[in-house]
Amino acid sequence: MSSYPAPHILNFSQIGDTDVGYLSVSEQVVPPLPFAVRRVFWAYCTPDNILRGRHAHYATEHILLAVAGRIVVNIERADGTLEVFRLENPHVGLYVPPNVWHTMQYSPGAVQLALASQPFAEEDYIRDYQEFKRVWREAK
């Protein structure tokens, strides 16, 4: 199995000011995007009592951004390491490698933008938590 970077924050450019607003682009991301974007999708109108995600991937990498509102992302690595990321600035993204279990909880009105390294493929999803632990434990 390929090795992937750990989950980490990416800072997109923030061009503008409070008088006119801001624009962020992916040309000057720090650190740079770790993959070519092959799919883009967004989630919105998610009630704040709903926990989304609850899966991992075999191969797909993601960058998650809260373009509106706040999204709390809980990450569990295969070794059991837990991390919590709070996305609430539209110029800040979170890199999510395929080898982590992740869940997201949204504030009212939150909009999540996701950049993915692969087109959608159901067979890339690990939706059973015990299967996630087995697959990634064996990969080590």
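The values are calculated or read from the model by the stated rules, or taken from the named source; none is laboratory data. For clarity, every value in this text was computed on a predicted model and none was experimentally measured. Neighbour counts are summed over all protein chains in view; Cβ atoms, including those assigned to glycine, are modelled from backbone coordinates with ideal geometry.
When segment 122-140 is limited to residues that are in contact (Cβ under 8 Å) with a residue 24 or more places away in the chain and assigned to a loop (DSSP other than H, G, I, E, B), the one that is surrounded by the most Cβ atoms within 10 Å (Cβ to Cβ) turns out to be Arg127. Residues being farther than 28 Å from Gln130 by Cβ and touching a Phe, Trp or Tyr at 6+ places or on another chain (Cβ under 6 Å) are entirely absent from segment 59-68. Name the residues in segment 18-39 that are closer than 19 Å to Gly69 by Cα and not in a loop (DSSP other than H, G, I, E, B), would you? Gly21, Tyr22, Leu23, listed by residue number. Go through segment 63-97 and give me each residue that's outside any strand (DSSP E or B) and surrounded by fewer than 20 Cβ atoms within 10 Å (Cβ to Cβ). Scanning segment 63-97 gives Gly69, Arg70, Ala78, Asp79, Gly80, Thr81, Glu88, Asn89, Pro90, His91.
Mind checking whether some residue in segment 81-90 is in contact with a helix residue (DSSP H, G or I) (Cβ under 7 Å, 6 or more places away or on another chain), β-branched (Val, Ile, Thr) and at pLDDT 95 or above? So far as segment 81-90 goes, no, none of its residues is in contact with a helix residue (DSSP H, G or I) (Cβ under 7 Å, 6 or more places away or on another chain), β-branched (Val, Ile, Thr) and at pLDDT 95 or above.
Taking first residues from segment 21-33 that are without any contact (Cβ under 8 Å) to a residue 40 or more places away in the chain and partners that are in a loop (DSSP other than H, G, I, E, B), the Cβ contacts under 6 Å between residues at least 6 apart in sequence or on separate chains come to Val25/Ser13; Gln28/Ser13. For segment 99-115, a residue qualifies if it is over 10 Å from Leu64 (Cβ atoms), part of a strand (DSSP E or B) and hydrophobic (A, V, I, L, M, F, W, C), and the qualifying residues are Val100, Trp101, Val111.
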